[in-house]
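Remarks on the structure that follows.
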Amino acid sequence: MSKPPGLSAPSRQAYSGSRIARAAAQRGDEAALAALADSNRAGFYVIGGDFVVLKAQGDALDPLFSSGEARGFGAARETVFLGLLGEAPRFGAGLEPAAIEPLKARGDLKLLDLRSIAVEGAVAAEHLPPLAEAKAVLSWHARHRFCPNCGAPTRLTQGGWRRDCPSCRAEHFPRTDPVVIMLVIAGERCVLGRSPRFPQTMWSCLAGFAEPGESIEEAVRREVAEEVGLACARVKYFASQPWPFPSSLMIGCHAEALDETIVIDKSEIEEARWFDGAELALMLSRSHPQGLTAPPPIAIAHHIIRAFVERGGDVLVD
């Protein structure tokens, strides 16, 4: 497969490809988890709300803290066992918002949100998947302190992978919301849209949440019909990406359009139009004459679009 002129070598999307073994069998042993947390091999990712705490060592930023360093920031609201990197345990520690403010003034630390960390390449790529894991689970805990069944306060258990209600005995687990994200194709062209929240020049794939009782293919066809009024036939799975904002799984697809007349639902998106491969290549390489851009390589949308540019209609062939 040859890459179109102007496109750099492919880079990896963010938050995928974790090297950590989740070690779910160890989550139920509280004494063993406490021993792992006290181990000199233990590493902690420290998160407070939207901010990740990073060590500032010259120009280098490091998101991994020892057990003692993490405890030095104050008592964690929740601590989640992320798994094992070889024999080294990894944890996510969630700080109270009040504990984050004093850290902003420290010269030996830097606080960044996870999206900026990925876009800027602020830390080694191997840290992004466990940071996404930690942020997603800690965000879930922040929003699920009370039982939705009876309203009683719940307690963390299973290394942070469950909350139990002592009143009605209900067990609650972290959730992941499935989102279909798709490139709609007709021959040598495809559809991109713009959301009002996008930067002014950026165009991207259509996307939407899958609904209960709906397959991936059904969700793709429904979302495309709702957003741009196009009917789709074949739907081909491409790849997926964890998206911890707050906790989604992006399910990437290519879809075959049966017609080419776009009818935009303004309550869903701001604009949508057809693009050919040559224009998309300019957008991916940030060299479009009108300054139009596609999403950056951290996002699965970039890779869905790039696959079409490099392979054309072949992306729909089994």
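Structure notes:
Residue by residue, here is whether (1) within 30 Å of P296 (Cβ to Cβ); (2) among the polar types (S, T, N, Q) holds:
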| residue | (1), (2) |
| --- | --- |
| Y15 | yes, no |
| A34 | no, no |
| G43 | yes, no |
| Q57 | yes, yes |
| S67 | no, yes |
| R77 | no, no |
| A98 | no, no |
| L111 | yes, no |
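- Subset of the stretch 130-155 (residues that are part of a loop (DSSP other than H, G, I, E, B) and touching a strand residue (DSSP E or B) at 6+ places or on another chain (Cβ under 8 Å)): H144, R145, C147, P148, A152, T154
- Qualifying residue in the stretch 299-312 (condition: among the small types (G, A, S) and touching a Lys or Arg at 6+ places or on another chain (Cβ under 9 Å)): no
- Residue match in the stretch 111-122 (condition: farther than 18 Å from T176 by Cα, in a strand (DSSP E or B) and in contact with a helix residue (DSSP H, G or I) (Cβ under 9 Å, 6 or more places away or on another chain)): yes
- Residue within the stretch 244-263 that is hydroxyl-bearing (S, T, Y), under 21 Å from D318 (Cα atoms) and at pLDDT 95 or above present: no
- Of the residues making up the stretch 188-211, those that are over 13 Å from I304 (Cβ atoms) and among the aliphatic types (A, V, I, L, M) are M202, A210.
- Selected residue (criterion: surrounded by the most Cβ atoms within 10 Å (Cβ to Cβ)) from residues of the stretch 222-245 that are touching a helix residue (DSSP H, G or I) at 6+ places or on another chain (Cβ under 9 Å) and more than 28 Å from P129 (Cα to Cα): C232
- Taken over the stretch 31-70, the residue count meeting the criterion of being of a type in the set (D, E, K, R), modelled with pLDDT under 95 and more than 24 Å from the chain's Cα centre (by Cα) is 1.
- When we screen R106, R77 for residues that are exposed (fewer than 14 other Cβ atoms within 10 Å of the Cβ) and touching a strand residue (DSSP E or B) at 6+ places or on another chain (Cβ under 9 Å), the only hit is R106.
- Remark: S285 falls outside the filter, which requires a residue to be touching a residue at least 12 places away in the same chain (Cβ under 8 Å), outside the structural domain of L128 (by TED's automatic domain parsing), touching a Lys or Arg at 6+ places or on another chain (Cβ under 8 Å) and not aromatic (F, W, Y).
- Unmet criterion (only one of (1) at negative phi; (2) in contact (Cβ under 8 Å) with a residue 40 or more places away in the chain; (3) within 19 Å of the chain's Cα centre (by Cα)) for L84: (3)
- Per the listing G160, G94, the residue uniquely in contact (Cβ under 8 Å) with a residue 40 or more places away in the chain and under 19 Å from the mean Cα position of the chain (by Cα) is G94.
- L183 being under 30 Å from G229 (Cα atoms), surrounded by 20 or more Cβ atoms within 10 Å (Cβ to Cβ) and in contact with a His (Cβ under 6 Å, 6 or more places away or on another chain): yes
- Only listed residue being assigned to a loop (DSSP other than H, G, I, E, B), outside the structural domain of V228 (by TED's automatic domain parsing) and at negative phi, chosen from P196, P166: P166
- Failed item, numbered, when I181 is tested on (1) under 30 Å from I269 (Cα atoms); (2) in contact with a Phe, Trp or Tyr (Cβ under 8 Å, 6 or more places away or on another chain): (2)
- All conditions but one from (1) closer than 30 Å to L230 by Cα; (2) touching a residue at least 12 places away in the same chain (Cβ under 8 Å); (3) not acidic (D, E) apply to R197; the one that does not is (2).
- Selection count, the stretch 190-210, where residues are buried (at least 19 other Cβ atoms within 10 Å of the Cβ) and either among the β-branched types (V, I, T) or farther than 17 Å from I264 by Cα (or both): 2
The values are calculated or read from the model by the stated rules, or taken from the named source; none is laboratory data. Since the model is a prediction, treat every value here as computed from it, not as a measurement. Every residue, glycine among them, receives a Cβ derived from its backbone with ideal geometry; neighbour counts consider all protein chains shown.
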